[in-house]
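Single-structure report; data block below.
Bear in mind these aren't lab numbers, they're just calculated from the coordinates by the rules spelled out. Quick caveat: nothing in here was measured; it's all calculated off a predicted structure. Quick reminder, even Gly has a Cβ in these numbers, built from the backbone with ideal geometry, and neighbours come from all protein chains shown.
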Amino acid sequence: GKNQNVHPLESPRPSLGNTGLGVELSFFSSRHHSSLFHPLCQCAVWVVSGPASSSDVTVINPARSNTVLDQFSLPPTSPALCICAVPPTGETSGTVWIGTQEGSVLVHSASTARRRCLQSISLSEGVHSLTYSQGQVIAGFANGTLAFFSHNPGGWDLQSHEVLPLGSTPLQPIRCCLAKGACLWVGYWNRVHVVDVENRKVEQTLTVSERSEQQVRFLCAAGSGVWTSCRLDPTLRLFDWSTGRLLQDVDLTPLVTKTLGPAFLSLSPLQISSLTVISGRLWVGTGSGAIFSIPVSLSSESASIPYCSLAAAQLCYHGHRQAVKFIIAAPACGTSSSTIGGGAVTLVSTSQLILSGGEGYINFRIGDDANDGAPEAAPLRSDRSHMIIWQSPTPSLPSSAL
């Protein structure tokens, strides 16, 4: 959009190296209050990247994205598949959980001594998803099973976890879960299982696609609705959170053809590779690197149905050369002084940052920039892992913390 500032971030700075992003990025807002900073401003973004055999973690401040706060490698031969930010629970400070392909769950501090693994457990199945809900962390395994990790006074109990099998032959990894209130929506094959987190049982099952071989890959909530996406399916479907009723389905093929031309889909079918709702818009990342922003009709953050309108959809001119690996939001702040009612106050000008990650960078207005004179021995600038950051302004808020 015209009011968005776009800042592409390029490697090879230490942040992403020369490899593609392997898993989604997660952010954690620190709870350490300070007299110098508004709590909303204290945010760190953890990025996991690397080849198929290993993973590196880079931690940045999204408001100063050129500054690397920390960087370390995970144990070798255990590439990460998922990452989850867990807020402070009981006496335990905030943590970041990482699940690996060989079945490990690694728990790191979110704010201090990030490199040191606080707790870990080795499981028999690969960990494909991690979700925080109701004081628990729920892991989705390669064999279609959920595991519930609880917190006790001494910290997180990784050993005595409960399991809930969802799988039916053939088994399929649980790659996407969505927590809201006491419910957890779990994508498995072409269905969504609605799980009661407290009682740890399936309350309802929804059919997302009539094709039994389909796989639900993305779930995102807004208002009282949930948008879903299936693998290699150009259609997004909106469900009512409370009833599970289908409310809207939207085929993105005409939008892609209109904005990028028919040739864009001639080599490969449209694949949705990331999906989220941020600042009243549905952000859709595709397997070919294009990012679309579609307005949703949100009159309330909790009660309205987030219908979307393709007529007002926008193509983001800044995209990736390959699949968009993640799209997330993080807060950004600035401060200024003002006079209200004869007294001087400090205003915290908050804005929302939208971050996408993927391999390579393209400006769709001018085409590929691969031939920029980079030495042949190093990866081309357009081939390296990139993050793109948009800034969406929000009104200034008086701050009592400053």
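At a Förster distance of 60 Å, what's the computed FRET efficiency of Thr235 paired with Glu91, Cβ-Cβ distance as r, to 0.05?
0.85
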*asked:* At 7 Å along Cα-to-Cβ for each site, give me the label-to-label distance between Thr259 and Thr77 in nm.
replied: 4.4
*For labels at Ala311 and Asn66 in the simple 7 Å Cα→Cβ model, what's the distance in nm?*
4.4
_Net charge within 12 Å of Cys316 by Cβ-Cβ distance, Lys/Arg positive one each and Asp/Glu negative one each, not counting Cys316 itself?_
+2
